1. Grab the beta carbon distance between Asn109 and His163, set R0 = 30 Å, and tell me the FRET efficiency rounded to 0.05.
2. Sorted by accessible area (1.4 Å probe), largest first, how do Ser172, Ser142 line up?
3. I'd like to know how region 94-240 sits against the 2.2 N^0.38 Å rule of thumb: what's its Cα Rg over that expected value?
4. Normalised by the number of residues in region 150-239, what is the relative contact order in percent for Cα pairs under 8 Å and 6+ residues apart?
5. Would you calculate the separation in nanometres between label points at Arg190 and Leu241, each defined as 7 Å from the Cα along the Cα-to-beta-carbon direction?
6. So, for the chain, what is the accessible surface per residue at a probe of 1.4 Å, expressed in square angstrom?
7. As a test of the formula, what do you get for the chain when each DSSP H run with n ≥ 4 contributes -39,500 (n - 2.57) and the sum is divided by the residue count, at 222 nm and rounded to the nearest 500 deg cm²/dmol?
8. How large is log10 of I(q)/I(0) for the chain at q = 0.12 Å⁻¹ when the intensity is taken from the Debye formula with one equal scatterer per alpha-carbon?
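The values are calculated or read from the model by the stated rules, or taken from the named source; none is laboratory data. Worth saying up front: this structure is predicted, and the values here are computed from it rather than measured. Here the Cβ is made from the backbone with ideal geometry for all residues, glycine too, and neighbour counts use every protein chain on show. With ligands, DNA and RNA removed, areas are computed over all heavy atoms of the protein, side chains included. Shrake-Rupley method; radii C 1.70, N 1.55, O 1.52, S 1.80 Å.
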Amino acid sequence: MPGPTTEGAHPHTAKGNYIAANDLHLQVGAAAPARWPVRLFRLWVRVIFRLFFRVRVRGLENVPSTHAIVCANHLGWADAFMVLLFLPVEPRIYILGERLVKDISGFRNWVINGLEVMVALDRDKPREALRIMEDVLRRGGSLLIFPEGQLGTEEGNLRELQHGASHLSVASGALLLPVGLTGTSELWLRRTLTIRIGQLILPTEFEGDLRTRIHAMTARLDTSMRRLLPGDFERPRFKLLRKWLTNLL
């Protein structure tokens, strides 16, 4: 995923269209607008998703019109696509993820660079990612963070949350938007995938010193996300294309 340089600067390429960090890119200028390549890709992939899966979205009325930090559970490759495709197209949502994920497949690399959508996390240099996330929020973009920090193990469950999303919220003033995803751990043809969107969490709701506020926010986020994960277990007799779809990306 794209990230800043070691000094936090954002050098432009010759074309002036990107913020570059090694071989990764982010949209420069205003971060909220979705430019036409993003809109076209989104429309195309939404159609594909609707053909392969049954997609259900609950709670869209809770999505703010301004930027936010979207916090979702993580079960598989489809999670990021679900949020990017079925939450409002603007403000644009950028993904925080491990830099190495771009090398998993050529398609991922093409999507990440072409759509300028990813903030790279190098665990040896966490301050870099923090600087660029704050920059994206300052420029009006939203961020998708998986606060478990790793893949979940089963539908309807949530690992212990890390404090990064809450720390970023307190530092930037951006709201937290809890999201629960079900159905994405094991995929098959016409599988029901559900997005449930919870109530916003405001950093101004919490009092005390920095550590107290961050821990209280993370606890609230944990409670909110668990409420959005009832675990929609489907047990069809046949799971067509299960292996291929589950391991597609």
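1. 0.50
2. Order by accessible area, largest first: Ser172, Ser142.
3. 1.15
4. Once normalised by length, the contact order is 38 percent.
5. 1.3
6. With the other protein chains kept in place, the chain gives 49 Å² per residue.
7. Details: 7 runs with 81 residues, N = 249.
Mean residue ellipticity at 222 nm (helix-derived): -10000 deg cm²/dmol.
8. -0.67
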